[in-house]
1. So if I place +1 on the C-beta of Lys and Arg and -1 on the C-beta of Asp and Glu, and nothing else carries charge, what would the dipole magnitude of the chain be about its Cα centre? I want it in debye, nearest 20.
2. Going by average Cβ neighbours within 10 Å, how do the peptides 32-45, 51-64 rank, with the highest at the top?
3. What nm value, rounded to one decimal, do you get for the distance between ASP107 and ILE28 when each label is placed 7 Å out toward the C-beta?
4. Could you put ARG71, ARG66 in order, starting from the residue whose Cβ has the fewest other Cβ atoms within 10 Å?
5. Relative contact order (percent) for the chain, with alpha-carbon contacts under 8 angstrom and 6 or more residues of separation?
6. Could you give the length gained by full extension between ASN38 and LYS120, i.e. 0.36 nm per residue of separation minus their alpha carbon distance, to one decimal place?
7. What is the distance in Å between the Cα centroid of the stretch 53-125 and that of the stretch 1-46?
8. Count charges around GLU84 for me, please; just the other residues with Cβ under 14 Å from its Cβ, Lys/Arg as +1, Asp/Glu as -1.
Amino acid sequence: MSNIWDVIWTFFWIFAFVAYLMILFSVISDIFRDHKLNGWLKALWIIFLVWVPFLTALVYLIARGRSMAERAAAAQQRAQHAAESYIKDVAGTSTADEIAKAKALLDSGAISADEFAALKAKALA
């Protein structure tokens, strides 16, 4: 019966280790992503992450967690914008094409004037 508990305990420690590695890599990537930190502070954080990794990661998440989330959200937004512009470039549709399609939908009665205005504003954005 103790064999099953050994398996459960092993799975718990594997889960904890993988979670810790994810946090560690997130902290390291955020340190290098932050342009407000100078090189010395980045080096200091990395040194502490090497020598006292668990405590340093915990302190970093508490002290800089909010700005870490803001930087991650900004990076995600930049990636989303880049993907959208790439798709538009590959698809070959221009702003004028999108407005013309919306106008055709308005003329056919498929959309209302308010919906046309919303589509036009989105195309021009």
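1. Values: 12 positive and 11 negative charges, 90 e Å.
The dipole of the chain has a size of about 440 debye.
2. Numbers: 32-45: 12.1, 51-64: 13.8.
Top to bottom by mean Cβ count within 10 Å: 51-64, 32-45.
3. 5.9
4. Numbers: ARG71 17, ARG66 9.
Ascending number of Cβ neighbours within 10 Å: ARG66, ARG71.
5. Values: 35 pairs, mean separation 20.2, N = 125.
Relative contact order, the chain: 16 percent.
6. Working: separation 82, 0.36 × 82 = 29.52 nm, distance 4.39 nm.
The span from ASN38 to LYS120 would gain 25.1 nm if fully extended.
7. If you average the Cα positions of each part, the centres end up 31 Å apart.
8. Values: positive: ARG78, LYS88, LYS122; negative: ASP89, GLU98.
Charge balance in the 14 Å sphere: +1.
Each reported figure results from applying straightforward, stated rules to the coordinates on display, with no laboratory input. Since this is a predicted model, take the numbers as computed values, not measurements. Quick reminder, even Gly has a Cβ in these numbers, built from the backbone with ideal geometry, and neighbours come from all protein chains shown.
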